[in-house]
Amino acid sequence: GFANRTLGYRLPAMNRKAGHEIRSQLQQIGILRDSGHEHFNGSIVIPVRDEQGNVQEVYGRKINDRLRKGTPMHLYLPGPHQGIFNQQALKENTEIILCESIIDALTFWCAGFKNVTCSYGIEGFTKEHLAAFKQYGTKSILIAYDRDPAGEKAATTLAAKLMKEGIDCYRIQFPKGMDANEYAEQVTPASKSLGVVIRSAQWLGNGKPKPLT
């Protein structure tokens, strides 16, 4: 959905028992801030659910680039990240595309590449991600982080970690400065352009690269 600052108007008033209880719970979760304002205001909001349908994490992506300096484009619930986006992909595929954010992962999904999941930002690869890769027998990871200095550094660090666990790693090479979503928007059709960068992903291991499936 989209957070447009109307949530407060849809809830019972704060001076009523039901309103106080609901708002307090939403503040505890992090949907509402202590001030009462929506945490994800101005963002497309996407939940991350577990296999039972329970929401483990919430992701928000601002739709307006004209923001006050220091305002993050990507938002999550307060506290440690939980959950695996599109966990079903790990069950059904041994080759996984790993993006930097959910909006990038959805870009691949919408272009027909369903074997995709994501970290929660460049510092958001969790122990839960690694445990899931090992549990489902992931063999290859195509790291599709942003093609900027921070994304390059994070991809190199993560690849070293994953390869120690016996998982082959490749780097998807977008044009410099681009992320998956921007690339797919500018080089159309996305199903073709993303397919090209997948097939030409750079092998990050030593010796002869193993073929991608």
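The values are calculated or read from the model by the stated rules, or taken from the named source; none is laboratory data. Quick caveat, the model's predicted, so the values are computed rather than measured. Virtual Cβ from ideal backbone geometry, glycine too; neighbours counted across all protein chains shown. When the accessible area is computed, the model is the full protein with side chains, heavy atoms only, and any ligands, DNA or RNA have been set aside. Shrake-Rupley method; radii C 1.70, N 1.55, O 1.52, S 1.80 Å.
Loosely packed, with under 12 Cβ neighbours inside 10 Å, closer than 18 Å to S101 by Cα and without any contact (Cβ under 8 Å) to a residue 24 or more places away in the chain - does that describe any residue in region 30-37? Within region 30-37, none of the residues are loosely packed, with under 12 Cβ neighbours inside 10 Å, closer than 18 Å to S101 by Cα and without any contact (Cβ under 8 Å) to a residue 24 or more places away in the chain. Within region 102-117, the set of residues being free of Cβ contacts under 8 Å to residues at least 60 places away in the same chain and of a type outside the set (A, V, I, L, M, F, W, C) comprises K114, N115, T117. In region 81-92, of all residues being in contact (Cβ under 8 Å) with a residue 40 or more places away in the chain and more than 19 Å from V45 (Cα to Cα), the one that is most open to solvent (accessible area, probe 1.4 Å) corresponds to K91.
One line per residue, one yes/no per condition, for (1) of a type in the set (S, T, N, Q); (2) assigned to a loop (DSSP other than H, G, I, E, B):
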position: F40; (1), (2): no, yes
position: E51; (1), (2): no, yes
position: N64; (1), (2): yes, yes
position: R68; (1), (2): no, yes
position: L106; (1), (2): no, no
position: G112; (1), (2): no, yes
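Scanning region 115-128 for residues being surrounded by fewer than 22 Cβ atoms within 10 Å (Cβ to Cβ), of a type outside the set (G, A, S) and out of contact with any helix residue (DSSP H, G or I) (no Cβ under 6 Å at 6 or more places or on another chain) gives a total of 4.
Number of residues in region 135-170 that are surrounded by fewer than 22 Cβ atoms within 10 Å (Cβ to Cβ) and either touching an Asp or Glu at 6+ places or on another chain (Cβ under 6 Å) or basic (K, R) (or both) equals 6. Kindly indicate whether any position in region 188-199 is surrounded by fewer than 20 Cβ atoms within 10 Å (Cβ to Cβ) and under 21 Å from E57 (Cβ atoms). No, the conditions are met nowhere in region 188-199.
Pairing residues of region 44-57 that are under 15 Å from P80 (Cα atoms) with residues that are basic (K, R) and in a strand (DSSP E or B), at Cβ distances under 6 Å and at least 6 apart in sequence or on separate chains, gives V55/R49.
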